[in-house]
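Note sheet for the following structure.
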Amino acid sequence: MERVFSLQEISQHNTKDDLWIVLHGKVYDLTKFLPNHPGGQNVILKHSGKDATLTFELYHSTDIIDRFLPPEMYIGQVEQAYGIIPSNKSDENQEQQQETQEEKRIQLARETMPPIEEMFNTFDFQSVARHVLKESAFAYFSSGSGDDMTMRENHNAYHRIWFRPRVMVNVSHIDMTTEMLGAQVSFPLYISATSFCKMAHPEGEKVLARAAGKQGIIQMIPTLASCSLNEIVDARVYPTQLQWLQLYINTDRQMTQRMIQQAESEGVKGLFITVDRAIVGPRGKSANDKDMFEDQGGMEKVLNHERGTGSKTLPSFVDPSMNWKDMAWFKSITKMPIVLKGIQRWEDAVLAWRHGCAGIVLSNHGGRQLDFSPSPIEILPEVIDALKREGCDPSKDFEVYVDGGIRRGSDIFKAIALGAKGVGIGRPALYALGCYGEKGVEYLLNLFKTELAMCMRLMGAPTIKDIQSDMVDTRNLKNHYVANPIDYLAKTTYERLQPRGNLSKL
Ligand SMILES: Cc1cc2nc3c(=O)[nH]c(=O)nc-3n(C[C@H](O)[C@H](O)[C@H](O)COP(=O)(O)O)c2cc1C
């Protein structure tokens, strides 16, 4: 018989070692799950012994519990569903006051934000997002790992590639269409997977699906989406719209298999397995923010992992034991083409080819994992050379994608010139989504298209096939200390202009 708990009893289980939470009138014992929560421990601790439904719904899809929580964590019903669990009133009042203050700030910022027509480049969205998003959301999105060296380098590396424009070419018509994994797209860019999109917009990934569909490009659906897979698939603007799935391999392989097969049956056309996140990287800004993502990848998590105190019996979102031997199993359970996302050296690119992958994404997770991993664009030429040495033709047999720091149409051009099939964007789509919703994402994609078309025209390359490696000068690409002019646009957008927290009152 199902157990029924009183509110009073639930509120007693409110510590790290004994932690119950109510979601939709159901009681869960999350004590063992706590160290594995991808959003960090604090947000769960904050709601221990209480009803967390409202906060849960802000960030998660309704089916995420069934997908990721082992059934034994469900322990029973609340005696009266959706009851509010008594809590410490003074803590709650303080939290409410802070939230109201932040809501007022955001409302004011939204009333005074510039019209969308004043977004002249991708950085403009970022500078508006800083003001109109919750501080915790902006910190989560904009965070890199460590000293943000890799995150900044991802974009800066593009500044070390200069053009060799071709003139006297008929560029009266520009055709940006191309193919990705055999499907036609309107230009060589896709929206990469970013978890918890509801932090940017209440409809999260559904909005990205609609905008991508209208602009004729592909959306990569994250494992940790805020909307359910069904919802994101249903948001397609036409039945054949293309979507890929980004996959974190769970320690519970059955869970992983179910997700892959559900995606495949829903018509998802590519499986992008993330390979650069054995554990969460130490995220600077979001780790400093005393909010829900406080301990994402913080020291505690790293130490627990090292000491092996993180539960071994529990499924963890990412299986740190994943290795090349698992490739055979991945291939046995899906017909979707498999692409490895997060390759960071040519040797691994060659291994991915040898293991029968359809392609790779050169990516360092937008600089959120290992600081000082190289920018994807820097390693692209050596990856292409190595693949060719192996007898692989990257223009036909194997697709090489690049993401990280793509902020201009000219960045897309440079990546294509150096052998990429296409590029992915993460943060720009999140910022556009957070500021102006669907209209914003479409506007952003149009900015990229306009800039790429302009670049192709001025470079004398009327089609994607005309973009060749002799059109770029990469002599400085490996040299990290060339005298580049300072990128003030990116710099002022990236750095906080306001002091933080209580410092602003001093
Ligand atoms: C807020 C945020 C969340 C992300 N979540 C995921 C994720 O769940 N899975 C994944 O494979 N990559 C994730 N990424 C990495 C992106 O897919 C992509 O590699 C990266 O954002 C590209 O760099 P860019 O943000 O400079 O465009 C995330 C990136 C950001 C900024």
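The values are calculated or read from the model by the stated rules, or taken from the named source; none is laboratory data. Fair warning: this is a prediction, and the values are worked out from it, not measured in the lab. Because the Cβ atoms are built from the backbone with ideal geometry, glycine has one as well, and the counts that use them run over all protein chains shown.
The table for this structure:
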item	result
Filter result for Leu224 (in contact (Cβ under 8 Å) with a residue 60 or more places away in the chain, within 17 Å of Leu430 (Cβ to Cβ) and surrounded by fewer than 23 Cβ atoms within 10 Å (Cβ to Cβ))	yes
Number of the condition not met by Gly49 [criteria: (1) surrounded by fewer than 17 Cβ atoms within 10 Å (Cβ to Cβ); (2) in a loop (DSSP other than H, G, I, E, B); (3) of a type outside the set (D, E, K, R)]	(1)
Residue list for the stretch 367-390, filter: hydrophobic (A, V, I, L, M, F, W, C) and farther than 22 Å from Asp411 by Cα	Leu370, Ala386, Leu387
Filter result (of a type in the set (A, V, I, L, M), more than 15 Å from Phe56 (Cβ to Cβ) and in a strand (DSSP E or B)) within the stretch 4-19	Val4
The one condition in (1) surrounded by 21 or more Cβ atoms within 10 Å (Cβ to Cβ); (2) within 25 Å of Arg368 (Cα to Cα); (3) away from the ligand (no atom under 13 Å from the Cβ); (4) of a type outside the set (Ser, Thr, Tyr) that Ile279 fails to fulfil	(1)
Residues (under 18 Å from Val185 (Cα atoms), away from the ligand (no atom under 16 Å from the Cβ) and outside any loop (DSSP other than H, G, I, E, B)) located in the stretch 234-246	none
Filtered residue count, the stretch 12-41, keeping only those that are surrounded by fewer than 18 Cβ atoms within 10 Å (Cβ to Cβ), touching a residue at least 40 places away in the same chain (Cβ under 8 Å) and among the polar types (S, T, N, Q)	0
Pair list, Cβ under 9 Å, 6 or more apart: the stretch 182-196 residue assigned by TED's automatic domain parsing to the domain that holds Gln246 and on the phi > 0 side of the Ramachandran plot, other residue near the ligand (Cβ under 6 Å from one of its atoms) and modelled with pLDDT of 95 or more	Phe196/Pro222
Residue within the stretch 386-404 that is acidic (Asp, Glu), more than 16 Å from the ligand (Cβ to nearest atom), more than 15 Å from the chain's Cα centre (by Cα) and under 23 Å from Tyr140 (Cα atoms) present	no
Among residues of the stretch 30-53, those that are more than 11 Å from Trp20 (Cβ to Cβ) and charged (D, E, K, R), counted	2
Residue identified as under 20 Å from Lys396 (Cβ atoms), more than 16 Å from the ligand (Cβ to nearest atom), in contact (Cβ under 8 Å) with a residue 24 or more places away in the chain and in contact with a Cys (Cβ under 8 Å, 6 or more places away or on another chain) among Trp346, Trp353	Trp353
Conditions (1) part of a helix (DSSP H, G or I); (2) surrounded by fewer than 17 Cβ atoms within 10 Å (Cβ to Cβ): number failed by Thr150	(2)
Conditions (1) farther than 20 Å from Thr55 by Cβ; (2) free of Cβ contacts under 8 Å to residues at least 40 places away in the same chain; number of the one not met by Pro202	(1)
Residue count for the stretch 166-199, restricted to those that are within 16 Å of the ligand (Cβ to nearest atom), of a type in the set (Val, Ile, Thr) and assigned to a loop (DSSP other than H, G, I, E, B)	1
Odd one out for Val207 among (1) under 30 Å from Ser321 (Cβ atoms); (2) within 16 Å of the ligand (Cβ to nearest atom); (3) of a type outside the set (Phe, Trp, Tyr)	(1)
Matching residues in the stretch 145-165 - criterion: being farther than 17 Å from Leu362 by Cα, within 12 Å of the ligand (Cβ to nearest atom) and not polar (S, T, N, Q)	Asp148
Residue ID - farthest from Cys197 (Cα to Cα), chosen from residues in the stretch 20-46 that are touching a His at 6+ places or on another chain (Cβ under 6 Å) and outside any helix (DSSP H, G or I)	Trp20
Number of the condition not met by Asn250 [criteria: (1) under 17 Å from the mean Cα position of the chain (by Cα); (2) within 14 Å of the ligand (Cβ to nearest atom)]	(1)
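Here is a yes/no grid of residues against (1) at pLDDT 95 or above; (2) among the aliphatic types (A, V, I, L, M):
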{"site": "Ala225", "(1), (2)": "no, yes"}
{"site": "Asp234", "(1), (2)": "yes, no"}
{"site": "Leu247", "(1), (2)": "yes, yes"}
{"site": "Thr256", "(1), (2)": "no, no"}
{"site": "Met259", "(1), (2)": "no, yes"}
{"site": "Val280", "(1), (2)": "no, yes"}
{"site": "Asn288", "(1), (2)": "no, no"}
